[in-house]
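Structure, as structure tokens:
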Amino acid sequence: MQPDSDSSLEFATLDPPGTIAVIGGGALGVEAALYGRFLGYAVTLIEAESIGSSAEAMRDQPLPVLPDRCLSSLAMSALATQAHESGPQVLPTTIGEWIDDGLVGLTQTDLMRGRVMTQTKVDSIELVPIELDSEDEEPEVEQFLPDDFRLHLQTASGEKSTLNVEAVIVATGNDDSLHQSLPASTEYWFRIGGEFDDVAADDIERQFRSGYQQIVDVFARLGGRETLDLYRPRRL
């Protein structure tokens, strides 16, 4: 996990159904959004192009990892559950199949359906004061809560809109431009993953495992539970 806030600071938790924006529709962005949905968060996945577009140019190439290791155990479980309705699950053997049947398939599951915005770019992000849910809440409570994030969005057709969320997870490689306008120690801001291009197959697998651990760390921190890990096999 690579939070931009000082890890030594006291970090407030975010309980479900808190709102989270995941920026980046690559492998780890989809996995992070799915993980949050399993926990009951109101997640919105935002991708500037299409799901898995960063690997689109390699779609005819064979998978650089074993088919059962291109997705997390949680993702495989979500696809298997959906397969009961759509037919038998077949593991991908090419990068194109991994994108279409794996990543895109996950965004079409019940957990993710209607929560994905493609062809939508995040132009900028600002901090805005939170809006209390009820007039009955104590006004002084507001001063102890961190600001919300306001995402300024623009679709490929030029339509503009905004989205307010309580937490942001950035999964766009090494691009840190969105954070430049925010304070260095911004709570509820996380970055996961990195660049996967031009690395050996075993390195890709290690980077995926590292990315999954970052996802675990983010949500364990948000939930205030160090032992929270949905990827860990259940004891029988």
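With 0.36 nm allotted per residue and the present C-alpha distance subtracted, the Asp176-Arg206 stretch has 8.5 nm of extension available. For Arg191, the residues 5 or more places off, or on other chains, whose built amide H falls under 5 Å of its own are Gln2, Asp4, Val170. Per-residue extension of 0.36 nm, minus the Cα-Cα distance of Glu131 and Arg113, leaves a gain of 3.8 nm for this segment. The phi torsions of the stretch 90-101, fed into the Karplus equation with coefficients 6.51, -1.76 and 1.60 and a -60° offset, translate into couplings of 10, 6, x, 10, 10, 5, x, 5, 4, 5, 6, 8 Hz, rounded to whole numbers, with Gly and Pro shown as x.
Annotation for Arg69 and Asp100: the two label points, set 7 Å from Cα along the Cα-Cβ direction, are 2.5 nm apart.
Each reported figure results from applying straightforward, stated rules to the coordinates on display, with no laboratory input. Nothing here was measured: the structure is a model prediction, and the numbers come from that model. We place every Cβ from the backbone using ideal geometry, glycine too, and count neighbours over all the protein chains shown.
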